[in-house]
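Engineer: This is the structure, below, for whatever I ask next.
The values are calculated or read from the model by the stated rules, or taken from the named source; none is laboratory data. Computed from a predicted model, the values in this text were never measured in an experiment. Note that we place each Cβ from the backbone using ideal geometry, even for glycine, and neighbour counts take in every protein chain shown. Note: areas computed on protein heavy atoms with side chains; ligands, DNA, RNA excluded. Shrake-Rupley method; radii C 1.70, N 1.55, O 1.52, S 1.80 Å.
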Amino acid sequence: MSEHDNALCDETSDSAESDSNIEQPPSQKKIMKKLLQNLGLTKHYDKKITLSDVLQIGKDSIKDKDAETVSDLPWLILKRLMMLKTTARSVKCSPKHRADDDDSDWEDDDDQGSYESEGAQVNPLDIFTALFLCSDSFLQQEMILKMSMCQFAIPMLLPNSDKNQITLMLWAMRGIVQQYRPHSLTDASGFVEERIVLSDLPLVSFVRLGRCNISKSHILNKLLSKSQQSTDIFIHHNLDCGNIPKKIANGLVEISWYFPCGNKNIDVFPEPVAIANLRGDIQNFEKQFSFLCKTSTAVFVFFENELPDSRYISVPSEDLKHQLFWVGDSNNECIRKTAEKLNLKRHNFLFKAKQNDADFVKKIWTKMQDAMQKNNHRMSVVRMAETARELGIKVDEDAEECQRAKARADEITSKITDTEQFKKKEMPLQGEILKMLAKLEKEECRLKKVGDQCIETYKDHIQTEKLKLRKQQYKKDISATMNSFIQAISCPRVERAYFLKWMRMNLENLSCEVLPNLRRQYKEKCSVNVVCEHKEDISELDRKISNCSLGIEHFIREMGQLYEAAVSHSKQEKSPNQLEHLPQLCAELLLDGYSLELIDGDTSNIPVEWVTSVFSELNTLVKPNNKIVVVTVLGVQSSGKSTMLNTMFGVQFAVSNGRCTRGAFIQLIRVADDFKPELNYDYLLIIDTEGLKSLELATLDNSHEHDNELATLVVGLSDVTIINITMENSTEMKDILQIVVHAFIRMKEIRKKHKCLFVHQNVGNVSAHDSNMRDRQFLLKQLNEMTQAAAKMENKLELQNFTDVMEYDTENGDHYIPGLWHGNPPMAQVSTGYSESVYELKRHIIDTFRCYEPGSICEFLEWTKNLWNAVKFEKFIFSFRNSMVADAYIKLCTEYNRWDWALRKQMHTWTLEAETKILNHGKFEIPDNCTIEDVHCVLVRNAESDLSKGEKDITDKITKYYEEGEGHVELVERYRQDFINDAKFLKTELSSSIKRKLDAALSRRQATTKVERIKSTCMDKMEKKVLDLLEDCRKNNSDMSDESLDEAFENMWKETVKTLSCRRLQQEDIKGKVLHTLRKNLEARGSSMAENLDKVKDLNAYGHGKFVTEINIDSKLSPDRNNRVQEIDRLIDDCSKYVEEMRASKVDYDDTYIREILNNIDANLKAYENLSIEEDFELSLKLHICGFTAREFQDIHYQFIQNNDPLNSLERFKQTYYSGFIDLFHERDQCQKKADEFLNNCLKPAVKTYIFEMLSTEMAEVMLTGENALVFGTRTAFQYSVLTNLLHEFEFKIYAHFIEQYEHYVKLYISKKVTEHFSTENRMSELEESLISVVTREIRQAITDSEQSTETNDIKKFTQSICKKLEHRLVFPKDAVDAFLSLSNVNEKPFSKMLKISVEEMDKSLKESYKATVSSRLEKLQTKPEEVLFKRVWGCGKQCPFCNAPCEAGGVAHTKHFVSVHRPAALKAYSYLSSRKLSTDICSSSVYSESNFRCTDTKGQWHPYKKYRDIYPDWEIQPDPSIEGSAYWKYVMANFSEQFAKQYNVKPADIPLSWKTITKDQAERSLNGNN
């Protein structure tokens, strides 16, 4: 036995707590202890069960099974009670050892009795008594509220046999509020709404003396119900386990009430009445009996047939005798004598005798009516508490914390005489100031009143006005009321909870006096038939309701505004925030189960600073257990949304006193620890919303926009959205669905995974689901129609069906819920069908979340802020300002860029090897029927195969990335296809690039093959002549001097060259060919073009200096002209680069080169069709480009001839032949010389070429994967790096360079980054050395392998074997190899040894030679690393059509271009037409204003900014979410306005005042906010 169990049995000596007048048997405490043990409640006797414990979502939340053990019973009752199940009291254990078999023994019935006597079953009254004893005050209050809704009798006097104590449950009953219509009410349409404990009502008590054959509770149930709808208000012996003997419930006094509905044909009593029922014999419970006698209007004593104990009959004083009525089974002589003895009248006795229950109940009813009419004694429960205290009965709300809290609450609410005036005085930060702030906040985004003003100046004005209002708020001192409120909620947790309850009850009591009547009038005026006639009345009533509404949310709202004003002040004054503790208080309230106002229902606004701080504190309090899922309910006004949520999850949203939810409120429900692993989240967040209005009604008070905003916001925040539909008004339903469909379409844009459930309320048929299939199909048809209409408005024409928008199926997506009440309120019970259907919905929702990936509290906060920002802008395609979307997108971009680079690098290496194979083809062996064309064809096919595999690999990785769902990838689902398209584009791009390179290699090889054959013939002849000379010299004179040998060799060389039959390569007129191709290109342009072209005789006079662009564009559209000039310059630069590529490839000129250049020019000029480009301009441009390219191509042709002319080549190797001749003559050892010759003429040049070709890619690899990986990881990150660097340098000329020559600046910037990186710590040398080591290792291996081959038995085969093994890596010049092999008389083995030594020396010498400066090394590279990196960050190359900011979208094949930070239009040289001043407008603001623009793309016509997509359909320009959004460029503009004006030859801009206050740090931080 535990210490607690012992304590439970200990006698208490505290006279204040004990009841000395009640003699409890010594065994009673043991009985209670044993019962609590059986029920599993022992530990909760001291550590009470809390409301949070009951409401948390556990495994039992979705299971509705019978109790298997006695300890399951209390929890099953609590669960059912919270769900408002009228079967909550009907609980019993299901004995597993018993079988329900018709053939069982006759003795089974007796066995049942023994089974029950063993404690396997418990009387429900004992369970309820135990539960109340083991629950805290707040759970008791909730239990009693739920019991009253179920029409269960509730405990008024609660016995505690452990402490010999009785408690009046005054506090627990304070939550009950009832509406009724007494017959005495003069207004037939009016009603009374009261908190029951405050109502002065007649109390009629029913007690028992001794044993009685009549069931008192059974008679009471019949008394309080009409015969056709009998309700088991009081538990009686015929209910489940009602016949089980009570163990601790005797002494319990239950109370119930009867309230009339105003219908004489229905009501049992015309006026309200309270009924009390004492459990047990009054002989054992004198104190309870005394209490009832003192407080009751009448007392009915049920007594046994034997002589009653006159001691108990005479307990009441003489003046109370007329209240007592004695109820017996039958009259007898003994009873009559006792009555005469005590002077009791006959009318005080009622006997059932042989009457049936109906007649007997009628007789009691008559006595009751008579007693209540004759006795005006009325008493509220609050007044009864005084009697209880006099009798030594404990009152639950006398607890110290409760009384302190009550005093605090009364101090505040006692000041309220006029709610409207109270709010103005004590909550000054709300009202008009807050409404103005909300309007300004939206106007700052929507710019509907900007007119002809400068947008940024107008926004600056709005900012100033907002600051003024914040200052007004800050200057208002915290009112005494708010001070008291904040102090109260700063109290310890229990006292705070009492305080908030008292506040809520007090405020509701005040509201009861005004609001119900206003609500009733509002409802009448809003009748569909007369709504238009009462437009002004409705508007006035709505204002009155808003002004007269006062709840805790208004106090919390004032706290929020105090905090926001303090935050604003601390930011402006750089001072500490004195109210920074407030958000933590509110976060604690959320955790304690209180609701928080998310959307201010009066101003349609979210206090972002306040909500942010509260959620940040909340996250701190619960971390790491901060995973949440979100449920929202949307529906029509007064459709039972809040009631349904309260029933489903037990949440405390306001539903009583005629108050409707305004705005949106959130509440947290905790998930039980043992259920978290299964559900994978910690809290369920519930959002309850204000009812949406019908279209007609919304039009009257302009709330349709508000409803759209509300629906969009909460749908966006939700994982599951419940659409609550009442079937009474299909027109209203259609209006609401239209709003909801719009919201769902907007959410589809960001692919936020969520589910929609339709709840059809007030559908009571048991076959509703089947019989309503037709209705569901009709609903789906309506939804489809609405989807099409909404999609058209949202410009999403591809959406045709509701199922295109979100997950919904007609079988499982609809829930049918009967009406809430069974019978006629106020005496109706909650419908069993209602609670069961709501429970089924709850189970469905929890099951749905099993497959969801929960978000964190911080993520929910980010969603809230970003969604609210989108709503304010009336912009529902969510931008990359949304940090969660941005993070998800950047992660995806980073991953995709890694896959992209891997394939690019792989194919670059492959292409180098393929080019090498082509260029080496046929040099060192005779191919077996395999032409160079065959090799080329095979390699192209292999490239396509590898690229297809690479594309599939990337596509599979994209699919896997989305399937794994990490990093909120569902938020960027809309971009999945873009990245898949990018993979396809990458394949196409690489395929084209590789084919072009292989084609070039083929062209080079084909061009050199014939020349090589000629060279080889010449070299063979020369070798023969040298050998003949050698033989002659040896025969004639073996002792010839070196001078004689030189003379003989020189004579032989001259004679041989003269006799060689090979022809020299002929030089062609390339300039003439280019001009001819140009004429062919322009011949279709007409006679005028031909006439002008005829004047051109040659191209020598063209292409000198910088091309002067002359495009005829309206001077008012000068920014367009500047843009076009830059693009023409870029085109000329591209042509120049193309020529340089041809030069680097060392190929001969081909006409395809100039044709490709001309085609490129034509494609670019086609983009300017709207400019009506004149023929003169086209001809000038083409002549300029053809002029300089013709000269370059002529030079390339000349260099090719010089490098490849057979005789020139032979002349280059003259020294080699001579050296070989001398060595052979003198019979010298050639091994070392030949090794050096092979190394210097063949290997070393090939290695250098290979290093140069690999170096750019390897340097880019280092930059992409090393310490600069973040800079080059995504385009957004790169832009951040560039802009930060600009800010640090902060010179106008640098900014001008960046803006006007963006591509050039970026390349210089990348080059600088590369140079800086590789100049540090010898990184360049280390990289080159690693490449050299790789290739020298392969050369050594090739030498070793050739040594071991049996086929390399001479120097020629040995050398060719080495070349063959390295042909995939190195390109060997065939003439150099042939020259090396000429006159070679060396043994391959010593040559091999010498060659290895030479390779080692080459390794060292090359590494030593690469220690020059990085810049000088970079200049020699054919492909620069900055070019490789530039392609990575350049992307699609598109720039914003309004401000020239570069597109940052991932990949190249994206469908929409976007930019994180847009710039002022002035930076693109835009100025205002009238003033000629630079424009400060920023396109991210302009596109949401009513302003217009014009440019060449609009053909000079004015066009609304809002419809910019008509002109630029590929661009998505997102709004700045805050004033800080474009702070960077505002700072630049504010500092360099005059310089930009001078640059563009206009006047300086009028810089808004707020721009001038932006600091450099703020500018840089604004970049951080966007990356």
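Engineer: Based on this model, can you work out whether LYS425 counts as in contact (Cβ under 8 Å) with a residue 24 or more places away in the chain, over 30 Å from GLU271 (Cα atoms), basic (Lys, Arg) and exposed (fewer than 14 other Cβ atoms within 10 Å of the Cβ)?
Structural biologist: Spelling it out, LYS425 is indeed in contact (Cβ under 8 Å) with a residue 24 or more places away in the chain, over 30 Å from GLU271 (Cα atoms), basic (Lys, Arg) and exposed (fewer than 14 other Cβ atoms within 10 Å of the Cβ).
Engineer: Now for a different question. Return the residues of the range 935-945 that are open to solvent by less than 50 Å² (accessible area, probe 1.4 Å) and under 40 Å from the mean Cα position of the chain (by Cα); say none if nothing qualifies.
Structural biologist: Within the range 935-945, no residue meets the criteria.
Engineer: What number of residues within the range 1385-1409 are part of a loop (DSSP other than H, G, I, E, B) and either surrounded by fewer than 19 Cβ atoms within 10 Å (Cβ to Cβ) or at pLDDT 75 or above (or both)?
Structural biologist: Residues in the range 1385-1409 being part of a loop (DSSP other than H, G, I, E, B) and either surrounded by fewer than 19 Cβ atoms within 10 Å (Cβ to Cβ) or at pLDDT 75 or above (or both): 2 in total.
Engineer: Can I ask one more? Scan the range 893-920 for residues that are buried (at least 17 other Cβ atoms within 10 Å of the Cβ) and among the basic types (Lys, Arg) and jot them down.
Structural biologist: ARG904, LYS917, listed by residue number.
Engineer: Shifting gears a bit: Do you know which residues across the range 402-422 are open to solvent by 70 Å² or more (accessible area, probe 1.4 Å) and of a type in the set (D, E, K, R)?
Structural biologist: ARG404, ARG408, GLU411, LYS415, ASP418
Engineer: Continuing with the same structure: Which residues, counting only those in the range 1043-1081, are at pLDDT below 75 and outside any helix (DSSP H, G or I)?
Structural biologist: LEU1060, SER1061, CYS1062, ARG1063, ARG1064, LEU1065, GLN1066, listed by residue number.
Engineer: I'm trying to understand the selection: among the residues of the range 324-371, which are outside any helix (DSSP H, G or I), in contact with a Lys or Arg (Cβ under 7 Å, 6 or more places away or on another chain) and open to solvent by less than 20 Å² (accessible area, probe 1.4 Å)?
Structural biologist: Those that are outside any helix (DSSP H, G or I), in contact with a Lys or Arg (Cβ under 7 Å, 6 or more places away or on another chain) and open to solvent by less than 20 Å² (accessible area, probe 1.4 Å): PHE325, LEU350.
Engineer: Just for the range 15-45: of the residues that are modelled with pLDDT of 90 or more, outside any helix (DSSP H, G or I) and not hydrophobic (A, V, I, L, M, F, W, C), which one is least open to solvent (accessible area, probe 1.4 Å)?
Structural biologist: The qualifying residue least open to solvent (accessible area, probe 1.4 Å) is TYR45.
Engineer: With the checklist (1) out of contact with any strand residue (DSSP E or B) (no Cβ under 9 Å at 6 or more places or on another chain); (2) open to solvent by 10 Å² or more (accessible area, probe 1.4 Å); (3) modelled with pLDDT under 85 in hand, flag the one item GLU732 doesn't pass.
Structural biologist: All conditions pass for GLU732, except number (1).
Engineer: Further question on the same structure: Among the candidates ALA399, ALA405, ALA409, single out the residue that is aliphatic (A, V, I, L, M) and touching a Lys or Arg at 6+ places or on another chain (Cβ under 8 Å).
Structural biologist: Details: ALA399 fails: touching a Lys or Arg at 6+ places or on another chain (Cβ under 8 Å); ALA409 fails: touching a Lys or Arg at 6+ places or on another chain (Cβ under 8 Å).
The match here is ALA405.
So that you can scan it fast, the table gives a plain yes or no per residue for (1) part of a helix (DSSP H, G or I); (2) without any contact (Cβ under 8 Å) to a residue 40 or more places away in the chain; (3) within 18 Å of TRP910 (Cβ to Cβ):
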position: LEU939; (1), (2), (3): yes, no, yes
position: SER945; (1), (2), (3): yes, yes, yes
position: SER948; (1), (2), (3): yes, yes, yes
position: LYS960; (1), (2), (3): yes, yes, no
position: TYR975; (1), (2), (3): yes, no, no
position: ILE980; (1), (2), (3): yes, yes, no
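Engineer: Here are some conditions: (1) open to solvent by 20 Å² or more (accessible area, probe 1.4 Å); (2) among the charged types (D, E, K, R); (3) assigned to a loop (DSSP other than H, G, I, E, B). GLU194 meets all but one. Which one does it not meet?
Structural biologist: For GLU194, the failing item is (3).
Engineer: Quick one: how many residues across the range 468-485 are in contact (Cβ under 8 Å) with a residue 60 or more places away in the chain, farther than 17 Å from ILE556 by Cα and in contact with a helix residue (DSSP H, G or I) (Cβ under 6 Å, 6 or more places away or on another chain)?
Structural biologist: Residues flagged as in contact (Cβ under 8 Å) with a residue 60 or more places away in the chain, farther than 17 Å from ILE556 by Cα and in contact with a helix residue (DSSP H, G or I) (Cβ under 6 Å, 6 or more places away or on another chain) within the range 468-485 amount to 1.
Engineer: Can you tell me how many residues in the range 828-854 are small (Gly, Ala, Ser) and not in a loop (DSSP other than H, G, I, E, B)?
Structural biologist: 3
Engineer: So for the range 164-172 (the condition being in a loop (DSSP other than H, G, I, E, B), touching a residue at least 12 places away in the same chain (Cβ under 8 Å) and not aromatic (Phe, Trp, Tyr)), does at least one residue qualify?
Structural biologist: yes
Engineer: Answer with yes or no whether VAL1414 is crowded, with 20+ Cβ neighbours inside 10 Å, among the aliphatic types (A, V, I, L, M) and either more than 20 Å from ALA983 (Cα to Cα) or touching a helix residue (DSSP H, G or I) at 6+ places or on another chain (Cβ under 7 Å) (or both).
Structural biologist: No, not satisfied.
Engineer: Given the residues LYS63, LYS79, which is the only one that is open to solvent by 20 Å² or more (accessible area, probe 1.4 Å) and at pLDDT below 85? Step through it out loud before you land on a result.
Structural biologist: Details: LYS79 fails: at pLDDT below 85.
Exactly one of LYS63, LYS79 is open to solvent by 20 Å² or more (accessible area, probe 1.4 Å) and at pLDDT below 85, namely LYS63.
Engineer: Please pick out the residue among SER546, SER613 that is buried (at least 22 other Cβ atoms within 10 Å of the Cβ) and among the polar types (S, T, N, Q).
Structural biologist: Details: SER546 fails: buried (at least 22 other Cβ atoms within 10 Å of the Cβ).
Result: SER613 is the single residue among SER546, SER613 that is buried (at least 22 other Cβ atoms within 10 Å of the Cβ) and among the polar types (S, T, N, Q).
Engineer: Out of all the residues in the range 833-842, is one or more of a type in the set (S, T, N, Q), surrounded by fewer than 20 Cβ atoms within 10 Å (Cβ to Cβ) and at pLDDT 85 or above?
Structural biologist: Checked against the condition, which is being of a type in the set (S, T, N, Q), surrounded by fewer than 20 Cβ atoms within 10 Å (Cβ to Cβ) and at pLDDT 85 or above, the range 833-842 yields no hits at all.
Engineer: Could we say that ARG89 is touching a helix residue (DSSP H, G or I) at 6+ places or on another chain (Cβ under 9 Å) and at pLDDT 55 or above here?
Structural biologist: Taking the combined requirement at face value, the residue satisfies it.
Engineer: Let me ask another. Take the range 46-59 and flag every residue that is in a loop (DSSP other than H, G, I, E, B) and within 10 Å of ALA672 (Cα to Cα).
Structural biologist: If the condition is that a residue be in a loop (DSSP other than H, G, I, E, B) and within 10 Å of ALA672 (Cα to Cα), then GLN56, GLY58 are the ones that fit.
Engineer: A follow-up question, please. Among the residues of the range 286-293, is there at least one that is under 21 Å from MET384 (Cα atoms), of a type in the set (A, V, I, L, M) and outside any strand (DSSP E or B)?
Structural biologist: Looking for residues that are under 21 Å from MET384 (Cα atoms), of a type in the set (A, V, I, L, M) and outside any strand (DSSP E or B), one finds at least one in the range 286-293, hence yes.
Engineer: Here is a follow-up. Yes or no: PHE302 within 26 Å of LEU168 (Cβ to Cβ), in contact with a Cys (Cβ under 8 Å, 6 or more places away or on another chain) and either at pLDDT 95 or above or among the aromatic types (Phe, Trp, Tyr) (or both)? Before you say what the answer is, go through the steps one by one.
Structural biologist: On the way: within 26 Å of LEU168 (Cβ to Cβ): yes; in contact with a Cys (Cβ under 8 Å, 6 or more places away or on another chain): yes; either at pLDDT 95 or above or among the aromatic types (Phe, Trp, Tyr) (or both): yes.
Judged against the criteria, PHE302 is a match.
Engineer: Among helices (runs of 4 or more DSSP H) lying entirely in the range 464-544, which contain 3 or more residues that are of a type in the set (Val, Ile, Thr) and modelled with pLDDT of 70 or more?
Structural biologist: The qualifying helices (runs of 4 or more DSSP H) are 480-489.
Engineer: Scan the range 390-400 and tell me whether some residue there is closer than 19 Å to LEU507 by Cβ, part of a helix (DSSP H, G or I) and at pLDDT 85 or above.
Structural biologist: Yes, the range 390-400 contains a residue that is closer than 19 Å to LEU507 by Cβ, part of a helix (DSSP H, G or I) and at pLDDT 85 or above.
Engineer: Please go through (1) within 53 Å of the chain's Cα centre (by Cα); (2) over 30 Å from LYS287 (Cα atoms) for CYS241 and return the number of the only condition it doesn't satisfy.
Structural biologist: (2)
Engineer: Can you spot a residue in the range 141-148 that is modelled with pLDDT of 90 or more and either open to solvent by 20 Å² or more (accessible area, probe 1.4 Å) or in a strand (DSSP E or B) (or both)?
Structural biologist: Looking through the range 141-148, at least one residue is modelled with pLDDT of 90 or more and either open to solvent by 20 Å² or more (accessible area, probe 1.4 Å) or in a strand (DSSP E or B) (or both).
Engineer: If you go through the range 1274-1294 one residue at a time, do you hit one that is open to solvent by 50 Å² or more (accessible area, probe 1.4 Å) and among the hydrophobic types (A, V, I, L, M, F, W, C)?
Structural biologist: Scanning the range 1274-1294, I find no residue that is open to solvent by 50 Å² or more (accessible area, probe 1.4 Å) and among the hydrophobic types (A, V, I, L, M, F, W, C), so the answer is no.
Engineer: To continue, here is another question. Of all residues in the range 197-225 being more than 54 Å from the chain's Cα centre (by Cα) and polar (S, T, N, Q), which is surrounded by the fewest Cβ atoms within 10 Å (Cβ to Cβ)?
Structural biologist: Checked the range 197-225; the qualifying residue surrounded by the fewest Cβ atoms within 10 Å (Cβ to Cβ) is ASN213.
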